[in-house]
1. Could you size up the charge dipole of the range 33-100 around its Cα centre, putting +1 on the beta carbon of Lys and Arg and -1 on that of Asp and Glu, and report it in debye to the nearest 20?
2. Could you name the aspartates and glutamates in cross-link range of LYS242, using Cα to Cα under 18 Å and dropping any fewer than eight places away on the same chain?
3. Work the Kirkwood hydrodynamic radius out for the range 61-112: mean of 1/r over every pair of different alpha-carbon atoms, inverted, in Å.
4. Hey, got the dipole for the chain? About the Cα centre, +1 on K and R Cβ, -1 on D and E Cβ, debye to the nearest 20?
5. With the chain treated as a Gaussian network of Cα nodes joined by springs under 10 Å, which of TYR169, TYR107, TYR42 yields the largest mean-square fluctuation?
6. With springs connecting C-alpha atoms under 10 Å apart, model the chain as a Gaussian network and identify which of PRO110, PRO86, PRO175 has the largest mean-square fluctuation.
7. To one decimal place, what Kirkwood hydrodynamic radius in Å is obtained for the range 90-248 from all pairs of distinct Cα atoms?
8. What range in the chain is the longest one free of GluC sites (Glu not before Pro) that are in a loop by DSSP and have at most 10 other Cβ atoms within 10 angstrom?
Amino acid sequence: MSNIKVIIASDSVGETGELVAKASLAQFDIDSSSDVLIRYPYIDSEDNVDDVVDLAKSKEAIVVYTIITPKFRNYIKEELRRENIPSVDVMGPLMSILEGKTEERPYYEPGRVHKLDEDYFKKIEAIEFAVKYDDGKDAGGLNKADIVLIGVSRTSKTPLSQFLALKKYKVMNMPLVPEVTPPKELFEIPASNCIGLRIKSSALNKIRKERLTQLGLKDTASYAQNERIQEELDYFDSIIEKIGCPVIDVSEKAIEETANEIMKYVDGKIDIKG
């Protein structure tokens, strides 16, 4: 059993094949050390395949391969069969079944699983960012954010931040209150990173009254009064003018609609006027 050699051949890094090999070796109490496992990654030519076959012949090794590219997968399969080398195609059979079931062609992109993992971690990072810098908790996030949403209370800043985070954008939102001076960093970052969320006073009045009712409070509080709302909106306009950033009117927009407009702007597909 100590003479067992397993070559992991892949057109990516070979981690999948190595995990399968290690799991199988463990069932026989075989140490999956570098003396047993030999990884041959990034196969991108028939010469690479020939090297694997020659090595397998010299070591009397088993070949475990995870080759996505059809040309090289077929070639290594044929060469291993011709040389009578024991081998396992880890991904080919399942991909063929999936192709038949879905009636879709595979991407045939080596290393795609790692790209998916990278997307997942970017999404988690963006979600954590949105939570950490919600409601302007830490001005240090202004220099790190992809998008800074600016608006008065009840303009959907937090839900928008969370929605955009799911799309992997790092979003910070900054509430504007006349009694609180915004951090100086807000005026130092590029204006193109900022988006003002404007809302009509009538729409904001309705939203705030509904919010007070949900909290069991009277809707006559100053928070929902027209005078206070107009004061906040005037303050919003003065700050936005100072920053010089684009503005979106969210008065009659669903969160998804606003988010899509923001993403198109950030991706350079549309312009947003102030």
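1. Numbers: 8 positive and 13 negative charges, 44 e Å.
That gives a dipole near 220 debye.
2. GLU179, GLU185, GLU188, GLU231, GLU232, ASP234
3. Taking the inverse mean of 1/r over all distinct Cα pairs, the range 61-112 comes out at 11.8 Å.
4. On the way: 38 positive and 48 negative charges, 204 e Å.
Result for the chain is approximately 980 debye, rounded to the nearest 20.
5. TYR107
6. PRO86
7. 18.3
8. No qualifying site falls inside 1-102, the longest such stretch.
The values are calculated or read from the model by the stated rules, or taken from the named source; none is laboratory data. Bear in mind the structure is a predicted one, so any value in this text is a computation, not a measurement. Because the Cβ atoms are built from the backbone with ideal geometry, glycine has one as well, and the counts that use them run over all protein chains shown. For the accessible areas, the whole protein counts, side chains as well, though only heavy atoms, and no ligand, DNA or RNA atoms are used. Shrake-Rupley method; radii C 1.70, N 1.55, O 1.52, S 1.80 Å.
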